[in-house]
């Protein structure tokens, strides 16, 4: 199921070492001004090349091939392509015999009878998130003046992220991280009971991003240790503002007008430079495995903008359904 | 959006103090033996009346009004109704003026322009989960011999649950809890990339259950503090068995044949017997609020069976899509 | 797939000789006044008892069991039940061995491995359309002042319908009919390219009604014999009014502001009182078959109101998507 | 809604005079052999250049940019692009002021607030069907040995098609046509009651193709004039073969094992070379309109292969759901 959304829908496609990765956004309101430059900011936040990220360098230049005319959205499906250029597929050949621990090598091989494109993890690659980020740029315009902001607040358990990266590099290993996302200026009433609660939709798409292991809203796991009288957020004005925000801005699955707050746990990249053990399917022996290819020491560094993008997408879809945004912009 | 699922679909309806709550299960394979008695076990696990739960007593007797003939599923939609009998609606009248903190009173009122049925929280009531549990009984048969088991492993932060309940009652307050769910005997290959990863679908429906604040798979939030070399699960045999299970049985969103493991955080019930503060919308003053009605000190006590039910539903839907269950049983 | 619609969704359930038939309407705007009496008019138009229709008499009294509070829709799913009372199931026992020509006996038996409820055609019965008619009453309020009107314009090829019925009864046989549907006061811009053209959605649900064999919009099949210069409808004012209406009110799948016009062909009921031939699956011989049970000589007599109902439903869904109706009525 | 299908899904995008048109096929079984040459046969049947069709010549060469590896489908989304090369956009400039009768100019302008790409009819162009034909080539492999065949059986009301084209050219006008589609070797049991009857799904997608005005299954509109005893198809063997096939191979919305038969009415192209009248929105006068651009005298000539393609797609989706095709080919 490579399609997600209700009124607003995204279709994702492409492979890491194929021709391209891309996305089609359907149901986007007409008349939204598209400035090609605006995409650079968000795409740069996802880009590799910084310390702690993969040395694979890609231009990551979006090609807008449909749904835009005279620099505005037309209401027709908007397709964005990203060419793959810097691919080293031979690094991946051996993973057919010896599936990498923590990767989709084994599961994809089994699900698709060995016909999956395994090069660079194929359709399972984090490279697929490029389209999500591009979609997010548009979604952020749809939901304006609602504002989504995500940041990495911990890496490898440390609050000083630079230090954490140094630690990982020194250890010749990889580390995970913790991302916090805050949505400000949220209207009351988003979320569709029973099954499309705001938490349901956000968690659904967040867990589509590779490497996510957990999500919690507001007080989250800590709520399980609190008393009801501590946890409840007293309402203090007619707009629904609450004194505290343990609910993370959501009651009964519907936004209450306070900031939406959630945190996301990112695992350390499975492609650690450290030598590992894994079964060789051909010899049926557990053997040493060295993961070549070019990988991230801390993929979480590149993920806040992805978290923002998919959150903006979910909110845009809910706001369209709640008729809080026009079908045609002017 | 009160409909969920792909091949297998559930439609949920009803209100806490209306005539009934119910569910329709569509796409269920034909020929499954339905023994009315079997539903009692799971429904009893959700039932109130035990210490720490609400004194509202309901028969919770399922009426099967369609989709079953000669004690077998027919392939047509299967509708199950539960009559409401023991309702005290007058307890809820005041919450229109003074919305209860932590409840959907304020959000539902705003979303539905005041036309929502607020009695007993209406369509937002935990009573809606009755249908989910009944559906789960059937879903568990569909996925057999896959086996789902959930249990409450902590309440109010304590591992001794009885002691936790005593603590809550003594404090005249409510407490949350932590539920662990394990799925055994899982086939390799369930989950539909990119958007219908197993984690995406399970978290989507888990967050539809009232009072859930967080979910984590496998190592979960702890993963964010681990090194890649610690977190990776070495594959040790051709069936994909791994030495450890930090992945929680899922790689790349697809089941890897190991147990699916996840944990769910449940908040303390918002209806604490303690006096609270909340805005009175009529006087525009923050005033004392006493939540009458009959409520649970620890709703998490009743929730493991609900977690099992929705998990079994998601797996049944994925197994049908992957053609791991027949369309017609015999 | 017993669920249909996008923002507005219906779930249908029940069997002809089971406990009940019913429907759940999800996504209905809150605040719509529901007057129980109003349903009688439309339900009466579908009712049997008139000459040319089955002598099976049912009260057809709707029970509204959820989604309504203080005589208004609440925004929660609205479920309507119709009890079955006057059932003669023994009339249907033999059709397991000797499937009735033109009926779903053979196909349903094969699809569901013999587990389908075959009594009175089970889930395939025209009785399922009761829920559609009830939904239509609400949908007509949602789309107001858009107005849907359908009528039987021919039966058995004759324009004088009374005469046609007399002919059928005299022949001891059944006849089909032709229904014309007109929608007035349609806003410009309904319909969602590419796949949810107005024609696509209307035809989808029209062909869900049992016994429909064809549908044509505007000039329909005659268009295939016309010249372009004859067929084109010249636009004559700024609102898009056209001189002729060969397009049936739709261009490019989108309403153009003129009346939507379509015609539907209804086959003669398969349950003719005439003796027929059909294979006896037990003897493997082609044998005489007499269809007992109580049936309609011309089911088309009862169908205009069903055509109106499903058309109103489709338009309501499209108008919600196009934000031409509020999410909350007042 | 530019997405269609259940297990198998297509997303369509592109404009007639933009960069390209394309399609993404999701849910396609893995392992299907893709021979680039095979696409040529079906694409050639849709191609222009023959007498009676537009002189716009396009290479119509499919670029497969994802979902294929080593000449086989991978199970990941399969995206196919067709570059636009031979575009004359200036021919379309005037249609903003003076919308062409019979076209989507007026409706699209209104729906999308004037932001739609109107050049060459933009997203409403018949050129979008290129992707459908390419998808059809794959769908035909999925459903093998089920076989779909469509042909033009009448044009402008005449059975001699060449003569009909000559007539249209002589008249300096355009003509419509009648297409008959037959599906052979159909398994019993396809179709999902209540709403996804085979007729519902086929008509839904058929009416997405531009220029379709009607569809009828089996005896179709003629059924409305027949007696039940004439219309019923006696079953003559255990496989469900019937003596006649008035039902068009479908009973109760489910295939009965006989050939599926339907007919589709195609209107004459709205872009007639004849001078027409239409409102000039700027002058508010009804003025002469000459449609330049390059157009088809009989678009129905190019449509049988499109009808086949979408029919094959619907059947593939239903066969996957009914588990009549593997998820992985070998």
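Quick check on this structure: which one of A:157, A:218 is modelled with pLDDT of 95 or more, over 30 Å from residue A:13 (Cβ atoms), surrounded by fewer than 19 Cβ atoms within 10 Å (Cβ to Cβ) and facing chain B (nearest Cβ under 8 Å)? Talk me through it step by step, then tell me what you get.
Working: A:218 fails: surrounded by fewer than 19 Cβ atoms within 10 Å (Cβ to Cβ).
None of the others qualify; the one that does is A:157.
Can you pull out the residues in region B:206-215 that are within 7 Å of chain A (Cβ to nearest Cβ) and surrounded by fewer than 24 Cβ atoms within 10 Å (Cβ to Cβ)?
Of everything in region B:206-215, nothing turns out to be within 7 Å of chain A (Cβ to nearest Cβ) and surrounded by fewer than 24 Cβ atoms within 10 Å (Cβ to Cβ).
State all residues of region C:253-301 that are at the interface with another protein chain (Cβ under 7 Å from one of its Cβ atoms) and in contact with a strand residue (DSSP E or B) (Cβ under 7 Å, 6 or more places away or on another chain); if no residue qualifies, say none.
Passing the criteria: C:256, C:265, C:266, C:267, C:268, C:276, C:277, C:278, C:279, C:286.
Give me the strands (runs of 3 or more DSSP E) completely within region A:255-309, filtered to those with at least 1 residues that are modelled with pLDDT of 95 or more and surrounded by 22 or more Cβ atoms within 10 Å (Cβ to Cβ), ordered by residue number.
On the way: elements: A:260-266, A:276-280, A:285-289.
By residue number, A:260-266.
Here's a check for you: in region A:160-171, which residue that is in contact with a strand residue (DSSP E or B) (Cβ under 8 Å, 6 or more places away or on another chain) and under 12 Å from residue A:298 (Cα atoms) is nearest to the other protein chains (Cβ to nearest Cβ)? Please lay out each step first, then the result.
To start, the set of residues in region A:160-171 that are in contact with a strand residue (DSSP E or B) (Cβ under 8 Å, 6 or more places away or on another chain) comprises A:161, A:164-165, A:167-168, A:171.
Among the residues that remain, those that are also under 12 Å from residue A:298 (Cα atoms) are: A:161, A:164-165, A:167-168.
On the way: A:161: 12, A:164: 10, A:165: 13, A:167: 9, A:168: 7 Å.
Selected residue: A:168.
Condition first: buried (at least 21 other Cβ atoms within 10 Å of the Cβ) and in a loop (DSSP other than H, G, I, E, B). Now tell me which residues in region A:221-239 satisfy that.
The answer is A:226, A:232, A:233.
Residues being more than 14 Å from chain A (Cβ to nearest Cβ), assigned to a loop (DSSP other than H, G, I, E, B) and either under 19 Å from the mean Cα position of the chain (by Cα) or closer than 18 Å to residue B:129 by Cβ (or both): count how many of those fall in region B:1-52.
Of the residues in that region, 7 qualify.
So which residues in region C:54-73 are within 14 Å of another protein chain (Cβ to nearest Cβ) and part of a loop (DSSP other than H, G, I, E, B)?
Restricting attention to region C:54-73, the residues satisfying the condition of being within 14 Å of another protein chain (Cβ to nearest Cβ) are C:54, C:62-73.
If the condition is that a residue be within 14 Å of another protein chain (Cβ to nearest Cβ) and part of a loop (DSSP other than H, G, I, E, B), then C:54, C:62, C:67, C:70, C:71 are the ones that fit.
Of all residues in region C:142-154, which are surrounded by fewer than 20 Cβ atoms within 10 Å (Cβ to Cβ) and out of contact with any helix residue (DSSP H, G or I) (no Cβ under 6 Å at 6 or more places or on another chain)?
C:144, C:145, C:147, C:149, C:153
Does region D:38-50 hold any residues that are touching a helix residue (DSSP H, G or I) at 6+ places or on another chain (Cβ under 8 Å), surrounded by fewer than 18 Cβ atoms within 10 Å (Cβ to Cβ) and at pLDDT below 85, and which are they?
D:50
Please verify whether residue C:139 is on the phi < 0 side of the Ramachandran plot, crowded, with 20+ Cβ neighbours inside 10 Å, under 17 Å from the mean Cα position of the chain (by Cα) and away from chain D (no Cβ under 13 Å), treating the condition exactly as stated.
Details: on the phi < 0 side of the Ramachandran plot: yes; crowded, with 20+ Cβ neighbours inside 10 Å: yes; under 17 Å from the mean Cα position of the chain (by Cα): yes; away from chain D (no Cβ under 13 Å): yes.
Judged against the criteria, residue C:139 is a match.
Condition test on residue A:304, is it over 30 Å from residue B:124 (Cβ atoms), away from every other protein chain (no Cβ under 11 Å) and in contact (Cβ under 8 Å) with a residue 60 or more places away in the chain?
Values: over 30 Å from residue B:124 (Cβ atoms): yes; away from every other protein chain (no Cβ under 11 Å): yes; in contact (Cβ under 8 Å) with a residue 60 or more places away in the chain: yes.
The answer is yes for residue A:304.
Looking only at region C:223-252, which residues are more than 7 Å from every other protein chain (Cβ to nearest Cβ) and within 30 Å of the chain's Cα centre (by Cα)? Steps first, please.
Of the residues in region C:223-252, the ones more than 7 Å from every other protein chain (Cβ to nearest Cβ) are C:230, C:239, C:241-246, C:248-250.
Correct list: C:241, C:242, C:244, C:245, C:246, C:248, C:249, C:250.
Going by the structure shown, is residue A:106 touching a strand residue (DSSP E or B) at 6+ places or on another chain (Cβ under 9 Å), part of a helix (DSSP H, G or I) and closer than 30 Å to residue B:187 by Cα?
Numbers: touching a strand residue (DSSP E or B) at 6+ places or on another chain (Cβ under 9 Å): yes; part of a helix (DSSP H, G or I): yes; closer than 30 Å to residue B:187 by Cα: yes.
Answer is yes for this residue.
Filter region A:172-204 down to the residues that are within 7 Å of another protein chain (Cβ to nearest Cβ) and in a helix (DSSP H, G or I), then identify the one that is surrounded by the fewest Cβ atoms within 10 Å (Cβ to Cβ). First the steps, then the outcome.
Step one: list which residues in region A:172-204 are within 7 Å of another protein chain (Cβ to nearest Cβ), which gives A:173-178, A:188-189, A:192-197, A:199-200, A:203-204.
Then keep just the ones that are in a helix (DSSP H, G or I); that gives A:199-200, A:203-204.
Numbers: A:199: 27, A:200: 26, A:203: 30, A:204: 24.
If we take residues in region A:172-204 being within 7 Å of another protein chain (Cβ to nearest Cβ) and in a helix (DSSP H, G or I), then A:204 is surrounded by the fewest Cβ atoms within 10 Å (Cβ to Cβ).
I'd like the residue in region D:51-77 that is farther than 20 Å from residue D:20 by Cα and loosely packed, with under 13 Cβ neighbours inside 10 Å and, out of all such residues, is modelled with the lowest pLDDT.
Per the stated criteria, the residue is D:51.
From the list B:102, B:131, B:122, which one is in contact (Cβ under 8 Å) with a residue 60 or more places away in the chain, within 11 Å of chain A (Cβ to nearest Cβ), crowded, with 20+ Cβ neighbours inside 10 Å and closer than 18 Å to residue B:304 by Cβ? Walk me through it before giving the result.
On the way: B:102 fails: closer than 18 Å to residue B:304 by Cβ; B:122 fails: closer than 18 Å to residue B:304 by Cβ.
Residue meeting the stated conditions: B:131.
Please go through region A:205-220 and give me each residue that is over 11 Å from the mean Cα position of the chain (by Cα) and part of a helix (DSSP H, G or I), ordered by number.
The initial filter retains those residues of region A:205-220 that are over 11 Å from the mean Cα position of the chain (by Cα), namely A:213-220.
Within region A:205-220, A:220 is the sole residue that qualifies.
The values are calculated or read from the model by the stated rules, or taken from the named source; none is laboratory data. Bear in mind that the values here come from a model prediction, so they are computed numbers and not experimental data. Counting neighbours? That spans all protein chains shown, and the Cβs are built from the backbone with ideal geometry, glycine included.
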